[in-house]
Amino acid sequence: MRQEVIRPAHQRAIIDRKALAGRIDEIVRENGAQAGRAAVVVALQEALAAGRAEISARLLAHPSGGYRAA
């Protein structure tokens with residue numbers, strides 16, 4: 001039996017991987033890999049927090065749409 005893969009709508013609104021990779025690249029270019037490590041962690045934490053907020057907002061708007069929200 002095949003299961004349908006349910007993908008979240010507008011995934012980039014949750015975490016835009018391309019933008020995040022660009023931000024990390026920018027940090028590393030400006031500071032170097034070791035010196036920029038703390039700033040990269042902050043960028044990842046911010047992206048995670050923003051993604052969680054987006055999922056939370058989607059679930060509040062459509063409580064029964066869990067699979068599609070996240």
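The values are calculated or read from the model by the stated rules, or taken from the named source; none is laboratory data. Just so we're clear, the structure is a prediction, and the values are computed from it rather than from any experiment. With ideal geometry, Cβ positions are generated from the backbone for all residues, glycine too; neighbour counts draw on all protein chains shown. Heads up: the accessible areas ignore ligands, DNA and RNA and are worked out on the full protein's heavy atoms, side chains in. Shrake-Rupley method; radii C 1.70, N 1.55, O 1.52, S 1.80 Å.
Overview of results
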| read-out | value |
| --- | --- |
| Value of Rg/Rh across the chain [Cα atoms, Kirkwood radius] | 1.15 |
| Charge dipole (the chain, unit charges on Cβ, about Cα centre) - positive-most of LEU48, ALA38, LEU60 | LEU60 |
| Length added when fully stretched, GLN11-VAL41, from 0.36 nm per residue minus Cα-Cα | 8.7 nm |
| Theoretical ellipticity at 222 nm over the chain - DSSP helices of four or more residues, -39500 (n - 2.57) apiece, nearest 500 | -21500 deg cm²/dmol |
| Degrees, to the nearest 10: 37-61 long Cα axis against longest axis of the chain | 20 degrees |
| For the chain, size of Cβ-based charge dipole, Lys and Arg +1, Asp and Glu -1, in debye | 260 debye |
| Per residue accessible area of the chain, 1.4 Å probe, in Å² | 84 Å² |
| Apportionment of accessible area to carbon and sulfur, the chain, percent (1.4 Å) | 55 percent |
| Degrees separating the helix 17-31 axis from the principal Cα axis of the chain, which is the longest one | 10 degrees |
